[in-house]
Structures are given as C-alpha cells and as structure tokens.
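Only one structure is covered here, and it is reproduced in the block below.
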Amino acid sequence: MYKKKFGKNHRINATAGFLFDKTTIERTRYSGSDFSDKSLRANGISFAGNNTPLIIDSEAPAIVSYIGRVNYTLMNKYIFTGTIRADGSSRFAKGNRWGYFPAFSFAWKASEESFLENSKIISDLKVRAGYGEVGNQNIPNYQFLTPFDRTEASLSDADGNGSLIPVVPQNLANPDLKWETAFQYNAGIDFGLFDNKITGTLDTYYKSSSDLLLNFPISASSGFATIFANVGDIENKGIELSLSADIINNDDLKFNIYGNISHNRNKITKIGTPTGNVGALGNIVSYFGNNVSGGTHFKQPANIFIEGEQVGLFYGYQTQGIIKDNAQLTNTPSGNPLQYGGTDLQVGDVNFVDQNGDGNIDENDKTIIGNPNPDFVYSFGSSLEYKNFSLSFLFNGVYGNDIANSNLLELGYANNTSRNIIKNAYHNAFDASNNPNGTYPLVGVGGVGVDYTREFNDRVVENGSFLRLSFVAFDYKVPVDNISYIDQLKLTISGQNLWLLTDYSGFDPEVNSFAFDPLRIGIDSGSFPNQRTITVGLNVAF
Amino acid sequence: MKIYNIKTVLFTILLSLIIYGCENQLEDTPQNQFTEVQVFSTEEGVETAVNGMYAQLQGYDYYGARMRLLLWPHSGKYQSKQGANNDANRLDAVNTNINLDRLWLGMYQTLNQINLVIKNVKGNGLKNEKSSLGQAYFLRAVVYFDMVRMFGEVPLRTEPATKQTTNLAKSTREEIYNLIISDLKLAADLLPNRGEYINGRPIKYAANAYLGKVYVTIAGENSATVKASNFDPVTESEITVATITNFWEEAKKELNTVITQGGYKLTTTYADLWAEGVGSRNTEESIFELQYGITGVVRTNDIIRDVVPANHPIVATGTRTFGRIRPNKEMFSDHIIQYSGLNFSGQSFIPAGKGSNIITLDPAVADPRIDETFIYNAYNRSTNGKAVNIFPRLNKGNNAYPHLKKYKDLSYDGTNTINNHIMMRFADVLLLMAEVENEINGPATAYPYVNRVLSRARTTATGTSVQPADWSATNIPDKDTFRERILKEREYELNGEGHEWFDMRRRGLGRFQEQVNHHNAAVVFYKSNGNRDFIFENIESEIYLPIPLSEITTNTFINE
C-alpha cells in the first residue's frame, strides 16, 4: 500500500497484492439398491442387497494472483485508475496457466468544474470511461488431462461374480485449454438535474469475449461426446438508460417515478471450425446446442450457433398452417404431395415449407425459425407517499424474444395416445367437413402412416414478449402517538405478479428451463411458473 | 538502519518462499485416478484396461441395452413398446433416435478403449502382452463387424482419439472389412488356447468362427439376386490383407477349423442353454459370451427388464420388468406351423383371439424349442395368481403378443442378472457351415450339419420328440429351398439372441423384402395395423441405419 500527496492537486494511491486461493475437495460416494427393508430410508444404506464400492475422489484446484492498482486523483475532479492482475490457474496445463488482465478507467466529476458549479439546471454530472480485461477459468478440474478411473459397475467373471475391475478414460484431454478472456470498453454519464430532482445514468459498452470455455460437442466417433475447449468469440454491445424523477417532494406528499431500459446485441464473431452444409442454410460455420431432452420428445437441439449471427437461434422446420385441401396438397413443383420420411403428407397434416423444393421434408429443409435474444428489457415503477399512506409498484418486461415452447411438441397434437394434450389441439383440429379452418392437424396425426410430430418446427416457437406488474405494495402507518407502549404500527398489503400481458401460450414467458446450460437457450420445458402472491402484514414495534 | 535492512531482506526471502510454494500448488493432478502411463505400466494395470474393453462392449449403451432396444424392433421381427424408439419400431429409423445416438457413442467408446490397449500394449514385453493384444484385435473386429453391417461406411479408427483427431471421414466397406479380417487373423494367432487364460474369455477358435461369419456375410451379400440400389460389393480381390479366391470357400475353411479343432460341442438338450441359474453360463457350446453378474447398482444388462412380461414367474416375485420387446406374431406362428406337429395345412398364419385358438403342444411331437423360446396363450401373475391372456389367446390390444422365455432369473433384483449374453455359440457355426456347404456343393453334404442341430433340438431330459425332423432330399429337395429354410432355421434356433437384424439383411434386399412382406401379410391377417403394429413400407433405406444427427453436425467430414 502506498499513499502520497503532491501539493494540493495531486493524490496518488497505489496497492500491490498477492492472492492465493486453494480449495481441497474430497468426496466419497456409496450407493446401494435392492433393500430388504426400506424403513430406515437413506440411513439404512448398509442394508442394501446390492452395493457399489465406496468411491473416493478428491480435487485441489488453486489460483494464484498478483494484483497491482494505481489511483491518481487530479484536482479532485479527474480520477485515473489503472489495474493489472496476473492470475495463474491449476485448471490449465503448464504454459497456459497464466492470464494477464489490465484495466484502466477515467472519471471526470464535471459538476465540480467552475463553469458548472453554479448551474441551476445541472446539479450533478460525472463522466466515466474505461477499458478492462477479465478472465474466466470456470470449468471442471483436470480437463487438460485424461484421468483413468474404474467404471462404476465392476465386471463379472465366468461365475457371475463382479470380481474384475475395468479401468477406462474419463474424458478427452484438451492440453490447449487456456483462460477465456474478455475486453470491454465502456462509457457512461451520471447526472442530476434541478437539484437532483431528476437523476439518471446512461451507459454504453462494447464487450468482446474470446476463447469461450465450453463443454463443446464433438464427433462421438472419437469415443467421447464432448470436450471442454476454448471455442469461438462473442461480442456484446449495449446501451442502458435509467431515470428517476421526484415529481413532488414535500413533507406531506412524495411522488417519484423511475424506469430503466437496456438493449443488448450479441454476435458470434468466430467459431473456428471449418464450414459445413447445414440444412437449408447452406455452407456456414456453426455448431449445435445440446439435445433438449433425452426422452421421447424433443430429443434434438433447439439452438444453433452460427458465425456472424446472434447466439442460440432456433433451428428447425418452417411451416405454413395446415394443408387444407387437395389444391394445397399438390401445390408443389412436381404436383405430388410433399413427403416426410418417404410417406406422402395428406390433407389435414401440417404444411411444412419445402425449402429446397425437392418434394421431401427432411434435414435439408431445416432453417432458422426464431431468436431467443430479446430486443430490449425494461422496467418502470413509481412510489407515492401521502401522510401516513404509501403506495408503490413496479412493472417489468421483455420485448422481442422468441420462446421454444417444447411442451407443445407433446401437447399440441391430438395423436390418439392416452396422454394429455391442450384443448385446442383437439377442439380446433382440422376436419375437412366440420372444421376446415382448424389450425391444428387432424385428430390421429402421427398414429398411422406419417409421423412428424416429434420434429421441432415453428409452430412451437412463440413470441416471448411480456409486460408484468411484478410488485405492488400499500402501507398505512397507523398513528400511535397517543399510545405510549407502541412505537410504530404499520399495516402492509403487497402483491407480486398480479398482472401479465403476453401472447405466450405457456404458463409463464419469464422462464428458461435450462438456465444452467449455455447450449440450451430460451426453452420452456415444463418450467415452474412464477407464483402470484399476496401478502398482508402488520408490523408492530414496541 | 542496519536492522531495518535485515528485516527487509528476511521479509523478501520469506515472501519469495511463500510465493514459490503457492505457485507450486498450481500443479494439481488427480490423486484417486490413474494416468495412462500408470495403467499400462504393469501387468495388473493392463488387465484392468482389458476389462475396460469388455465393460464398454457390454455396457448399457451397447450390448447391455441400446443395441437390443434399437435393433430388435428394427429387424422387423420384434415389436417394441418403447415410445422413444417409435421410428425404429415402424422400420423407419431416424437419425435422432436416442438409442441410435447412444449406441453410436457406446460403440466408439469401446473402440477407443480397444485402441488404447493396442497402442500401449503392443511391444511392451509384459507377460500378458499376447493375450491382451489378442483380445483387443478380436473385439475390434467384433465391433467393426457390427458397424459395417449396421451402417455400411463409418469412420475407421485404429488409434485412440486425441483432441486433434476428433474428426475423421468415413472409410469404405472394403477398408473396414480389410481391417476386420486382418484383426481376426491376428487374434486367431494371439488368443490363448482353452484353459490358458481367464474362464469365459474367447479362445483362438472364436476368431476363426467370426472370420467364418464375416466371409459368409460378404459372400451372401454379393450373391443376392436383388440388391439395394447403391450396393457396392466387396470382392475377393479387394481384400488385400489375405489371399482369397472365393469367400464361400474361405468361410468353409474357417468354420471347419472351428468344428474339427475348436473342441466345442452342443449341449445335450436345448433347454440346457436356457436353464435358470448359473449352470447355463459358459456351456461347452459357448464360443463367445458376455459375462454379466452381480456387479453393483448400475444396470448393465437390461435383458430381463426388456423382454420378460410384468410379474411373470420366470423372475423373482415383485421385481420390475417391462417386457417391452416381444416377438412379432408371425414369428411364433411360423414356428408353430413349421414344427408343432399340429395341422395348419394350407394356412399362412395360426388363428388367434379366441379360447379355441390356444395352442396345446404334444411334447412327444412338437419341437421342444417352442416351449423354451416362447411364453404364449396366457400366464399367471406371480404377485396375485391372476391370469394374463396373451397371443394367440388374445389378438387385440397391448398384450396380444407372445413373449420370450429364454431369459429366466429367479435371483433378479431389478438391477443385475446372472444371465450372460451369448454372442456366438456352436449351433450358429453349424448352421453357417450348412449354409456354406449348400452354396458350394449343394444340399446333400449340407444336411448333416443342420441335422446335428435338429437332433439336439429334439432331445429333451425325458426323451426325444418327432419335430424338428431331420432334413433330407425328401423335405428339402434343392439348393434354393435349402437356402431359404436355413435362414428360417436360424430364426427358430437363435430367436432372441440378437441375430435377426443381421440375418434379415445379409442375403440382400430381395430376402429382406420377402420377410417384410410376410410380416405385412400377418399384420393384415391379424388386423393389427395401427394397433401396436405397423405395415412396413419403403424398406430399402432400412438396409442400413442412418448415422446419428449428432455425428453429422459435429464431424466436419461427414454430411450424411
């Protein structure tokens, strides 16, 4: 630590630091099945008829960091800050361990300048600009190695005893793993007007992340399904504005409104694999997200990541309603009905778009059918206090994103199974005589003959925009001046999620079923919706 | 001033030591796991890696479950209730099928482990070098033989993958068959003789048996009268790793080696192969068998769960089984019409759906294999004794199928079964030999091989039955009849052992279509289209399975 003042106008403040962070993890695992008596629940694991051995595994990741920071303040108005850090991580092989991350920032307290000091309009003004680099090493340990471990099951000998131990590699080593780095430029203004009655912040940024660390799908013919790797570059740029205004502010009445809006646009700038032919998209550099589910429905990826495009676009079949009659059925270049899986589509089936015009609906007709990235997110609210009453509320919303409502792949077809479907899939199913304008395919779809009901298509991609009244609260402070033993008595009624405006047909547009997985974006797969809660409270202080 | 300096120096030294010590901590390697070098530097370590090859081969993603869940229904001979496999059940497999996806990975995991063993063991001079390499080459051939038949062209990996080599283009069928043949020839050399190594592991004649099957497969594909439109035969001259003048002759040579020198024999009765308990493991008939048993809480072999109907008394009471894979109705009907001794003359299928359609067999007459292979008519639930009607007593609904009876396990605990999976047994070799002999010299010299199998089939613990009667010039008069009947005979003998998908296709599109037509006729006869069963159409594309979408989207050298 170093502090020094030079005369009246110069102040320097410098810090150097060294950081060592080591975690030791030891895990032991034991499992059993085939219990003769289950009444002890988990505590009775030693009564299992069938056990795996105790599996012990330990990890000891470490990070070493050297940090230096210099702060220079000039005339109390100009503030310069410079930081440099060097981080070493045990998660990377020797030679790739260290990352160096400088950052600089500058702030100017403009309101301190003499020409603004007495301004009636501008009461506070601060201008900020900065550049910084950061690193990310958040991956599991030992991915740069291939550890060999036993399989959880043992191997049986000729007599049926599991006496042999098989040892196999656990993952494919990536010795080239290194820090994911990002650099960011940002600039912003903080301002206050009319004696800070109106305050606000405007920020813009440009962030470029390179060598993203991802568990990346690779050809399974390598013997492995994924590898942790530094894959590609992404840029994010955006602008954020927030404003707050005290419209009225006196002893009896306080009225405030506030709001913010932000817009972010991301783009995959580099993937770094060769180009390949993908569906109807032609020759592009891309990779797919993870399969949405491993079960019966949606056992395919929903997202595609294409160089030069936004992340996680939806990829599947484009459709145009239902095939209503024979004229539509044969409205193809060849005059024959389109085929799916070698079988003719019929009147009443979903009308798929044959992108390449070859008469077959197949892999080559898949295209971009949606974008899970919103145009902007916003919120606004207000608070009002009048004497002992106060009322506040907050709206929030998202605009311009799509949601893959994966539930509809199961629920959107009246397919003659015993499972539940949505009402409309049956009541508004196409029927040539009774419901010729039905928007769902005919009853029995997928039962006999052609079955396309498991294909991801734009019928399940929905507009995810919404506006929600996320919070309202009303307080009343009961006057207690006359009651000596009570300090305060407050009555509160508040509600959350009271009102929602959206076109989305699922339970709740504000969902992301696979928030933990950057390779499954914007998918609603039976997510639990936000609850509506109403709380009545009485707060007494003695 | 001086003291201050010493303090500074001491402080600096201390700080350097701390920093040095801390930076050393960045060197972090797994404490409870091995490195590749460690595994392969000792004999014991090598054995664990060899075990690893079997563990992958017989794991859930390959022979343990996925292969059965996908291939049995997709053979056209079995019905499956598994919804996630619906496309394959309709004989219209798509490249997103979950079983296909996992199976593909499971197969290449096995290959990667095998290639690791070959790379590290070759030339290491350890005592188990030969046996380990022999097993590795043998298993690699077994996996690629599966792959080339299932997919046609696939990436041919002969080295363990590294980060640089994750993408690999497909090889031609010639290239794949060349590797299979050269691996099996190496294995025939390196594998131990009987009794020299761990019991239950393949001995050198297993390699000859597989070589025989490989040659029969290539020869049969080439000589098919109707072939798939893009079929590219592998000719004798394209096999560069061996001098081959004729595939049939070469097959005969290998199979003959197995028959005359292998020391295998048929079990006394057919029932011996399927007896409940450990006694039916690794019989004298077994050539290659996957060893399953009490191996922990991870399900590896799911055969019991997959094929035994719920609460059937051939498994322990109360254990959870699904019985989701069942032989198609015509599979049972064919066996009855052929070998029950009951009179169904002039009928293509046995009638079903009424009490009077119950099949009652005369043990002195009927083929004993029928009762060993099938659960039919009805059975009583082990939990409450209530009867469940099935085919042919029942003809409609979810239960209207026969079930397989081969896999019994009264000690089944819902996880582990002590039933092995038989990859190849001596009867298979004898039937292949009969097929080969018929192609080379006609039926006269081929009868004895089939008749060895049939004679054993007639033998029961209490006597002999009339059926299946020996083959002779009276009932199988010519080469063409023999050729068709020998494949049918394989179905009766090997039903439920995983051969159907391959046997349906290895004689070309013509025979595949014939068998599918027969199935379709059964669907019409039993009026079961759309009611659990399907008419199969456009089957030419089903000669091979599609390469999974996940591989196409990740492997830069593969587009379809």
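Figures for the structure shown
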{"item": "Scope the stretch B:461-515; condition touching a helix residue (DSSP H, G or I) at 6+ places or on another chain (Cβ under 6 Å), open to solvent by less than 60 Å² (accessible area, probe 1.4 Å) and β-branched (Val, Ile, Thr); matching residues", "result": "B:476, B:486"}
{"item": "Pairs, first within 7 Å of chain B (Cβ to nearest Cβ) in the stretch A:149-165, second among the acidic types (Asp, Glu), C-beta under 7 Å, six or more apart", "result": "A:164/A:157"}
{"item": "Test: residue in the stretch A:58-76 that is acidic (Asp, Glu) and closer than 30 Å to residue B:295 by Cα", "result": "yes"}
{"item": "Condition met for residue B:55 (of a type in the set (A, V, I, L, M, F, W, C), in contact with a Leu (Cβ under 9 Å, 6 or more places away or on another chain) and modelled with pLDDT of 95 or more)", "result": "yes"}
{"item": "Test: residue A:146 is under 31 Å from the mean Cα position of the chain (by Cα) and either open to solvent by less than 60 Å² (accessible area, probe 1.4 Å) or facing chain B (nearest Cβ under 7 Å) (or both)", "result": "yes"}
{"item": "Of all residues making up the stretch B:249-298, the number that are touching a Gly at 6+ places or on another chain (Cβ under 7 Å), within 14 Å of chain A (Cβ to nearest Cβ) and not in a loop (DSSP other than H, G, I, E, B)", "result": "3"}
{"item": "1 or more residues among the small types (Gly, Ala, Ser), touching a Ser or Thr at 6+ places or on another chain (Cβ under 7 Å) and at the interface with chain A (Cβ under 7 Å from one of its Cβ atoms): qualifying helices (runs of 4 or more DSSP H) within the stretch B:2-59", "result": "B:43-57"}
{"item": "Out of B:142, B:148, sole residue that is crowded, with 22+ Cβ neighbours inside 10 Å, farther than 26 Å from residue B:45 by Cα and modelled with pLDDT of 95 or more", "result": "B:148"}
{"item": "Wholly enclosed strands (runs of 3 or more DSSP E) of the stretch A:152-239 bearing at least 3 residues over 26 Å from the mean Cα position of the chain (by Cα)", "result": "A:167-169, A:180-193, A:198-210"}
{"item": "Those residues of the stretch B:515-546 which are touching a strand residue (DSSP E or B) at 6+ places or on another chain (Cβ under 8 Å), within 14 Å of chain A (Cβ to nearest Cβ) and in a loop (DSSP other than H, G, I, E, B), in sequence order", "result": "B:532, B:535, B:537, B:538"}
{"item": "Residue match in the stretch B:270-279 (condition: among the acidic types (Asp, Glu), touching a Leu at 6+ places or on another chain (Cβ under 8 Å) and farther than 25 Å from residue B:371 by Cα)", "result": "no"}
{"item": "Strands (runs of 3 or more DSSP E) contained entirely in the stretch A:44-125, each with at least 2 residues that are under 39 Å from the mean Cα position of the chain (by Cα) and of a type outside the set (Val, Ile, Thr)", "result": "A:55-59, A:62-74, A:78-89, A:98-109"}
{"item": "Unique match (being surrounded by fewer than 20 Cβ atoms within 10 Å (Cβ to Cβ) and either of a type in the set (Val, Ile, Thr) or closer than 30 Å to residue B:53 by Cα (or both)) among B:305, B:320", "result": "B:320"}
{"item": "Yes/no for residue A:180 being within 14 Å of chain B (Cβ to nearest Cβ) and buried (at least 17 other Cβ atoms within 10 Å of the Cβ)", "result": "no"}
{"item": "Search result, residues across the stretch A:279-306 that are part of a loop (DSSP other than H, G, I, E, B) and in contact (Cβ under 8 Å) with a residue 60 or more places away in the chain", "result": "A:289, A:290, A:292, A:293, A:296, A:297, A:298, A:299, A:300, A:302"}
{"item": "Qualifying residue in the stretch B:100-113 (condition: over 27 Å from residue A:226 (Cα atoms) and at pLDDT below 95)", "result": "no"}
{"item": "Boolean, residue B:96 is in a loop (DSSP other than H, G, I, E, B), within 11 Å of chain A (Cβ to nearest Cβ) and open to solvent by 40 Å² or more (accessible area, probe 1.4 Å)", "result": "no"}
{"item": "Residue match in the stretch B:226-247 (condition: open to solvent by less than 10 Å² (accessible area, probe 1.4 Å), under 22 Å from residue B:483 (Cβ atoms), in a loop (DSSP other than H, G, I, E, B) and aliphatic (A, V, I, L, M))", "result": "yes"}
{"item": "Matching entry among A:413, A:426, A:440 (being more than 15 Å from residue B:86 (Cα to Cα) and touching a Pro at 6+ places or on another chain (Cβ under 7 Å))", "result": "A:413"}
{"item": "Count - residues of the stretch A:449-489 that are closer than 23 Å to residue A:384 by Cβ, of a type outside the set (Val, Ile, Thr) and not in a loop (DSSP other than H, G, I, E, B)", "result": "12"}
{"item": "Test: residue in the stretch A:288-306 that is open to solvent by 60 Å² or more (accessible area, probe 1.4 Å) and more than 30 Å from residue A:388 (Cβ to Cβ)", "result": "no"}
{"item": "Residue in the stretch B:472-482 that is away from chain A (no Cβ under 11 Å), in contact with a strand residue (DSSP E or B) (Cβ under 9 Å, 6 or more places away or on another chain) and assigned to a loop (DSSP other than H, G, I, E, B) present", "result": "no"}
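The values are calculated or read from the model by the stated rules, or taken from the named source; none is laboratory data. Since we're looking at a predicted model, the values are computed, not measured. Don't worry about glycine lacking a Cβ; one is built from the backbone with ideal geometry, like all the others, and counts go over all protein chains shown. We work out accessible area using only protein heavy atoms, side chains counted, and drop any ligands, DNA or RNA first. Shrake-Rupley method; radii C 1.70, N 1.55, O 1.52, S 1.80 Å.
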